[in-house]
1. Pairs on different chains or at least eight residues apart, Cα atoms closer than 27 Å: how many lysine pairs in the chain fit?
2. For region 215-269, what is the Kirkwood hydrodynamic radius in Å, using each pair of distinct C-alpha atoms?
3. Rounded to the nearest Å, what's the spacing between the alpha carbon centres of region 1-62 and region 160-183? Just the number, please.
4. Counting DSSP beta bridges in the chain, what percent are antiparallel, to the nearest 5?
5. Given a 1.4 Å probe, how much area per residue of region 1-97 is accessible, in Å²?
6. Please compute, for the alpha-carbon atoms of region 112-267, the extent along each of the three principal axes and give them in descending order in Å.
7. What number, rounded to the nearest 500 deg cm²/dmol, is the helix-based mean residue ellipticity at 222 nm of the chain, given -39500 (n - 2.57) per DSSP H run of at least four residues and division by all its residues?
8. For GLU312 and GLU217, compute 0.36 nm times the residue count separating them, minus their Cα-Cα distance, and round to one decimal in nm.
Amino acid sequence: MSKRALITGITGQDGSYLAEHLLSLGYEVHGLVRRVALEQPQQRLGRLRNCLEDIHIHPSNLDSYASVFHVLSKNRFDECYHLAAQSFVAESFSDGFSTMATNINGTHYILAALQELQPDCRFYFAGSSEMFGKVRETPQREATPFHPRSPYGVSKVAGFHLTVNYREAYGMYCCNGILFNHESPRRGFEFVTRKITYGVARIKSGLASELRLGNLEAKRDWGHARDYVKAMHLMLQQPKPDDYVIATGETHSVRELCEFAFSEVGLDYRDYVRIDQTVFRPAEVDLLIGDASKARNVLNWEPRVNFVGLVEEMVQSDMKLISAGNEKDMPREVATPVG
Ligand code: NAP
Ligand code: GDD
């Protein structure tokens, strides 16, 4: 009998790669999606185009306990990967209330419904290096104290502790992945890697003449999403539930990312990048670099793609996207990426 997995946030970057990975392992894959996704499949299910026919979609609203309870009362799962979240840090400063509601209550609803209906289902929570925020040590590891710097970071710390609490209080198999930034050609256009690689492709193709960015000195540990979803799956295959940092152990500034991405198409970033004060955040996370030794030792997990490979893949993919002439078909907010 194949295992059955439920993925919340299946329409996102990680959800789509995880669905493909689990299908390749023989899983029966189910996903929770917002009902609106079924009304606009072209835009909202686009990342699932490779596997849409092979997965089971359940319309559900993470903002409603009844809606989550309904899906879990009708279907049994061996594993649940809870990835759905308002994941854009900048947006969490604009509307911290809805970020908190979705990210904290949504996580609590899933955990509470699982405990009530299927406590043996293994649970993965998408924790984040944003929880380390104003970092207390470098590199960051599982034991590094949290000091979140945004409503998003605060919401992830709450989700982390809820996950630990269900593990300790009810003996449920609940794991936290503490994942550092991971990107891909499927990354949302609002995140800095994609904003840069898509901006580079537009400038190279004569569609734009500049790229407006905020803090170029922030440093991140950037890996590839395809590598990171494999770690999520490995966490749920261990004899005991635990929490793991997933990272490459390499850090680069946004400036270095610009330098490298522009040079990939023979351009100098200094001729095109303009600083836009409106994109700076009220509180910044200056430096992230992870120590994934525990994941290497216990999960036997290794990232395959490094920073250079990641940026090359993303720039080349965006060059192809534009040369295929798809830009005019994109929704406005995608055609004009925002901060
Ligand atoms: P993403 O591309 O932004 O995907 C987010 C997913 O959450 C989408 O499927 C989205 O659905 C869904 N979602 C958002 N609000 C929802 C709501 N109110 N109800 C139901 N679904 C909702 O994010 P990602 O990069 O794949 O990240 C996946 C998870 O890992 C997130 O929890 C993120 O916070 C966390 N994480 C990401 C990184 C990273 O670097 N990528 C690092 C650490 C942790 P729609 O398509 O309908 O909007
Ligand atoms: N988005 C964006 N746009 N960021 C910019 C820009 C810009 O124009 N200019 C500079 N930055 C800087 C941000 O200030 C931040 O320091 C850094 O680039 C990375 O920003 P994002 O790509 O938006 O990602 P993030 O690090 O804030 O959050 C991502 O990684 C977290 C894990 O550490 C998201 O995927 C989160 O969901 C995830 O938890």
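The values are calculated or read from the model by the stated rules, or taken from the named source; none is laboratory data. Keep in mind that this is a model prediction, so the values were computed, not measured. Positions of Cβ are generated from backbone atoms using ideal geometry, with glycine treated the same way; all protein chains shown enter the neighbour counts. Keep in mind that these areas ignore ligands, DNA and RNA; they rest on the heavy atoms of the full protein, side chains included. Shrake-Rupley method; radii C 1.70, N 1.55, O 1.52, S 1.80 Å.
1. Final tally of qualifying lysine pairs is 28.
2. 13.6
3. About 22 Å separates the Cα centre of region 1-62 from the one of region 160-183.
4. 5
5. 51
6. Taking max minus min along each principal axis of the Cα atoms, region 112-267 gives 57, 30, 25 Å.
7. Helix contribution divided over all residues of the chain: -11000 deg cm²/dmol.
8. 32.1 nm
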